[in-house]
1. In the stretch 110-146, which residues are in a loop (DSSP other than H, G, I, E, B) and among the charged types (D, E, K, R)?
2. What single numbered condition from (1) at pLDDT below 95; (2) not in a helix (DSSP H, G or I) fails to hold for L161?
3. For the stretch 85-94, state whether one or more residues are in the same structural domain as P175 (by TED's automatic domain parsing), surrounded by fewer than 15 Cβ atoms within 10 Å (Cβ to Cβ), of a type outside the set (S, T, N, Q) and in a helix (DSSP H, G or I).
4. Scanning the stretch 233-250 for residues that are aliphatic (A, V, I, L, M), within 16 Å of P216 (Cα to Cα) and surrounded by 14 or more Cβ atoms within 10 Å (Cβ to Cβ), which turns out farthest from the chain's Cα centre (by Cα)?
5. Would you say L81 is modelled with pLDDT of 95 or more, touching a Cys at 6+ places or on another chain (Cβ under 9 Å) and over 16 Å from I170 (Cβ atoms)?
6. Scan the stretch 161-173 and report the pairs whose first residue is free of Cβ contacts under 8 Å to residues at least 24 places away in the same chain and whose second residue is surrounded by 14 or more Cβ atoms within 10 Å (Cβ to Cβ), with Cβ atoms within less than 8 Å and a gap of 6+ or a chain change.
7. Would the stretch 179-191 turn up any residue that is under 25 Å from V73 (Cβ atoms), surrounded by 16 or more Cβ atoms within 10 Å (Cβ to Cβ) and not charged (D, E, K, R)?
Amino acid sequence: MLRLLGRTLIGLAALVAITLTGIYIETARRLDVAPWTPTAPLQQGDVAEGARLAKVMGCRGCHTDTLRGEDFVEEPHVFKLVAPNLTQARAKYDDAAWQRLFRTGAKANGALAVGMPVKAFQRLTDREVADLVAYVRSVPEVDHPGLGSTTLYPLARIGLLTGKFKLEDIAGDPPESATILAQRATPVRGEHIARTACGECHGMNFEGGDRPAAPPLIVAKGYDAEKFTRLMRTGITAAGTESASGLMTEVARGRFVALTDAEISELHAYLHSR
């Protein structure tokens, strides 16, 4: 009896191991990004403008102001998202690899950079990408002992296979689609800012998001120019309070404070025109 029980347990353990291996292999395959080659060389970027963009886009929020990286989101037993130390990871990226990262979300090893808001970054202009790369390359190298890496636990991988988590929600759009190319090449400033800086939370269609929770951007119509500027500079809403969840207040103070007055005015005009 004990021998039979032992064999049964060994068989079950082997079955679990085979199943988990299969799940890992299949999800890794799905998270591989299709090859893409830049059609033009990376431009010469401006470090100061790249530093400002890194603040607006949230790079310095996840990777910190020194770009040393940190754990930024964790759902126990499901996933842990870690922003890598860019002052060390940058050694893996030549000009073409940087362009692939921004245009497709592919890391140096070809896998999707899970947690990076790819849809927003791939709409940046070529000049903006060059400015960000110039900034990242300029920051002094720092160590971050003990920093881990993004981990998708079995529950997250099963969720990807069953549709609970949708790959299209975390992956980029086709980088050479007519829509993407048009938004990159000849952006309308207000719309461009909305898509690259606001779409991460509010959705690329501006109808709101749930991870994190964010309302449709039609709420901006309730703000006149003065109150909208106050919101973007201080995080104080039209009601005179911090945002309900605190997220918009945090984002405004940490990121949007770096927007210029002209950019805020253009963004306000665009959101009111929709």
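The values are calculated or read from the model by the stated rules, or taken from the named source; none is laboratory data. Quick caveat: nothing in here was measured; it's all calculated off a predicted structure. Reconstructed Cβ throughout: ideal geometry from the backbone, glycine too, with neighbour counts over all protein chains shown.
1. R123, E141, D143
2. Here L161 meets the rest and fails (2).
3. For the stretch 85-94, residues in the same structural domain as P175 (by TED's automatic domain parsing), surrounded by fewer than 15 Cβ atoms within 10 Å (Cβ to Cβ), of a type outside the set (S, T, N, Q) and in a helix (DSSP H, G or I): present.
4. A238
5. Working: modelled with pLDDT of 95 or more: yes; touching a Cys at 6+ places or on another chain (Cβ under 9 Å): yes; over 16 Å from I170 (Cβ atoms): no.
Against the criterion (modelled with pLDDT of 95 or more, touching a Cys at 6+ places or on another chain (Cβ under 9 Å) and over 16 Å from I170 (Cβ atoms)), L81 does not qualify.
6. These pairs meet every condition: K164/I158; F165/A156; F165/G159.
7. Among the residues of the stretch 179-191, not one is under 25 Å from V73 (Cβ atoms), surrounded by 16 or more Cβ atoms within 10 Å (Cβ to Cβ) and not charged (D, E, K, R), which makes the answer no.
Quick grid of which residues meet (1) modelled with pLDDT of 90 or more; (2) assigned by TED's automatic domain parsing to the domain that holds V133:
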residue: M1; (1), (2): no, no
residue: L4; (1), (2): no, no
residue: G11; (1), (2): no, no
residue: T27; (1), (2): yes, no
residue: T37; (1), (2): yes, yes
residue: A40; (1), (2): yes, yes
residue: Q43; (1), (2): yes, yes
